Amino acid sequence: MTSKKKRTLSAQNDRWVVIAADSVVEATKTDDSDPVFVRLKNPATDVPSLYLFGTGDSRVYEVKAFDEDYHSWFIGQTVQRDGRLLYITPMDPLYLLLPYIKKAGKEGKLQPVEQVVMDEDFPACSRLLRCSHTQASLQQVAEEKEVGGQKYYRYSEEKTMQWLKKKVDQTVKALKKSNISVGGGVKSTTYIRTKQESNVQEEDYLRYAHGLISEYVSEDLGKALHKILQLPEILSPKELEPPSKKRKLSDTPVEAGEDYTKFNGANFARKPPKKMTAAQKSLAKADKTGMKSMSAFFSPKVKTEQN
């Protein structure tokens, strides 16, 4: 498993704190571009959201935010008001391509994928076609035909449902392997219990996995997948709604309304630690016996027990 390290991205006086795998910024001899934040259409909501292309556009990553009220960062000698913690995870580019392929499928004709994946509002969408294995995976959601060395595609709902069902099955296996509680009794904000429930049924895993996958597809595809999985309707939506559908405030996609481009470029790479000044070195060598740490001034006072 790739280790994850905390990095800070700086641009003038604004910074984000990001957790990302080293593979996001590791470049090979064939890579010709740095990691870059882009604005793409969220496949489930159509809202502009923030994503990241790794070096050479070989992979696309989802950007989510751990965000809670009244959080800030101490960075160097400054306080960063944006206390969000952004974390970057790999994403299957086919989720982002599917809305374009599905829309073009209404025309009922085979078309080159370069002609299908075009969007004036989100021009970066064409970069999805450069991701590894993208071209090979298109046939999982579309009919493919090659004429004169050129491949043409047309959306297939049957193939798409099979692909989404496979995603659900893979998610179920991962949930079981990770011992994540998925029963209807899970009501905490983390949706994870320290002890697995003994009465969890296969339906609970399917419902939970369906909820997770539905966050990456349109509502109509989510409903169609629900029927394919033959899941019974929920009698009490508020009580039995899959945990994944109760989206946590601390685990939300980052909307791309802000100036995300200021964090692109070389600033994304790991920076060496700054050298200490003479004053800082002198302070580091000073005897700190009896001194209190800064956190001690913010900790609640412990009341002494009266005899």
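Odds and ends about this structure:
- Residue in the range 43-61 that is at pLDDT 85 or above, under 26 Å from residue 144 (Cα atoms) and in contact with a strand residue (DSSP E or B) (Cβ under 8 Å, 6 or more places away or on another chain) present: yes
- Every residue from the range 131-166 that is assigned to a strand (DSSP E or B) and touching a strand residue (DSSP E or B) at 6+ places or on another chain (Cβ under 8 Å): 142, 143, 144, 145, 146, 151, 152, 153, 154, 155
- Qualifying residue in the range 183-202 (condition: modelled with pLDDT of 90 or more and surrounded by fewer than 20 Cβ atoms within 10 Å (Cβ to Cβ)): no
- Scanning the range 45-70 for residues that are assigned to a strand (DSSP E or B) and hydrophobic (A, V, I, L, M, F, W, C) gives 50, 52, 53, 60, 63, 65, 66.
- Residue ranges of strands (runs of 3 or more DSSP E) in the range 71-126 with at least 1 members touching a Ser or Thr at 6+ places or on another chain (Cβ under 7 Å): 73-75, 78-80
- Given (1) in contact with an Asp or Glu (Cβ under 9 Å, 6 or more places away or on another chain); (2) of a type in the set (Asp, Glu); (3) under 21 Å from residue 134 (Cα atoms), number of the condition residue 114 does not satisfy: (1)
- Qualifying residue in the range 14-29 (condition: modelled with pLDDT of 80 or more and assigned to a loop (DSSP other than H, G, I, E, B)): no
- For the range 120-157, taking the residues that are β-branched (Val, Ile, Thr) and modelled with pLDDT under 95, the one that is surrounded by the fewest Cβ atoms within 10 Å (Cβ to Cβ) is identified as 147.
- Residues located in the range 87-98, provided they are in contact with a strand residue (DSSP E or B) (Cβ under 7 Å, 6 or more places away or on another chain), surrounded by fewer than 21 Cβ atoms within 10 Å (Cβ to Cβ) and not hydroxyl-bearing (Ser, Thr, Tyr): 90, 91
The values are calculated or read from the model by the stated rules, or taken from the named source; none is laboratory data. All values derive from a computational prediction rather than experimental measurement. Cβ: placed from backbone, ideal geometry, glycine included. Neighbour counts: every protein chain shown.
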